[in-house]
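Here is the structure we will look at.
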């Protein structure tokens, strides 16, 4: 394989999930970000997303918010876990005075990260197990990047919604750091979730709807398939 081709391929993968080179440029221009943000989360409460955004049926379930690189991948990782009732892509952890959009967070200057909110039934799947899935499905030692995606918007993060979640996240991360599993310290941010904004509609459930997308084929699919193989017993059968 010629060096010039390798350079081109690397450059393509590096920018594939970036707004400037995404395969969905036309859709970005046609689909504005959701107008109403979700209510602000706090350490003392776990409110649901606005009625206009999500089915009210989600209200009865617990929630968890994770960021592990491009949300197309993260959403698909959790989508088929037994006990998970809904997964939605969005933006969290940024400047509260800024209403994030895919284009704006792509600049890396807003502080927002691509993330997902996971609605789950704790009687079927625990938050502890979701934490394990989160850390196992990406490289938590990378700082402000995940694979070919570089920038603060692709950082690893657990955005907790209450005291129980932050205590469990810190304990699990310390356990992993002491396990010797990784050659480098875990860089995952553990911080209180501020306002979680839903991403534009075309990002929701993106992975199964765009299997032909080169980024999905070369970056997302290997990541998802690795997770699926390791945790098959916890997933709904197709």
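The values are calculated or read from the model by the stated rules, or taken from the named source; none is laboratory data. Note that the structure is a prediction, hence the values are computed from the model and not measured. We place every Cβ from the backbone using ideal geometry, glycine too, and count neighbours over all the protein chains shown.
Details
- Looking at 206, 231, just one residue is surrounded by 12 or more Cβ atoms within 10 Å (Cβ to Cβ) and either closer than 22 Å to residue 102 by Cα or free of Cβ contacts under 8 Å to residues at least 12 places away in the same chain (or both), and that residue is 206.
- Region 117-134: number of residues that are in contact with a helix residue (DSSP H, G or I) (Cβ under 6 Å, 6 or more places away or on another chain) and under 15 Å from residue 188 (Cα atoms): 1
- Of all the numbered requirements in (1) closer than 14 Å to residue 73 by Cβ; (2) assigned to a helix (DSSP H, G or I); (3) in contact with a helix residue (DSSP H, G or I) (Cβ under 9 Å, 6 or more places away or on another chain), residue 222 misses one, and that requirement is (3).
- Count of region 143-166 residues which are under 19 Å from residue 117 (Cα atoms) and either modelled with pLDDT under 95 or assigned to a helix (DSSP H, G or I) (or both): 10
- Selection status of residue 167, under 25 Å from residue 84 (Cα atoms), surrounded by fewer than 20 Cβ atoms within 10 Å (Cβ to Cβ) and touching a residue at least 40 places away in the same chain (Cβ under 8 Å): no
- Residues in region 117-142 that are under 15 Å from the mean Cα position of the chain (by Cα), farther than 16 Å from residue 236 by Cα and not in a loop (DSSP other than H, G, I, E, B): 117, 131, 132, 134, 135, 136.
- Where residue 171 falls short, out of the listed (1) at pLDDT 95 or above; (2) under 24 Å from residue 111 (Cα atoms): (2)
- Only one entry of 86, 111, 94 meets the criterion of being under 16 Å from the mean Cα position of the chain (by Cα) and not in a loop (DSSP other than H, G, I, E, B), and that entry is 86.
- Within region 184-203, being part of a loop (DSSP other than H, G, I, E, B) and modelled with pLDDT under 90 holds for 194, 196, 199, 200.
- Screening the candidates 140, 100, 122 for the property of being touching a strand residue (DSSP E or B) at 6+ places or on another chain (Cβ under 7 Å) and surrounded by fewer than 16 Cβ atoms within 10 Å (Cβ to Cβ) yields one hit, 122.
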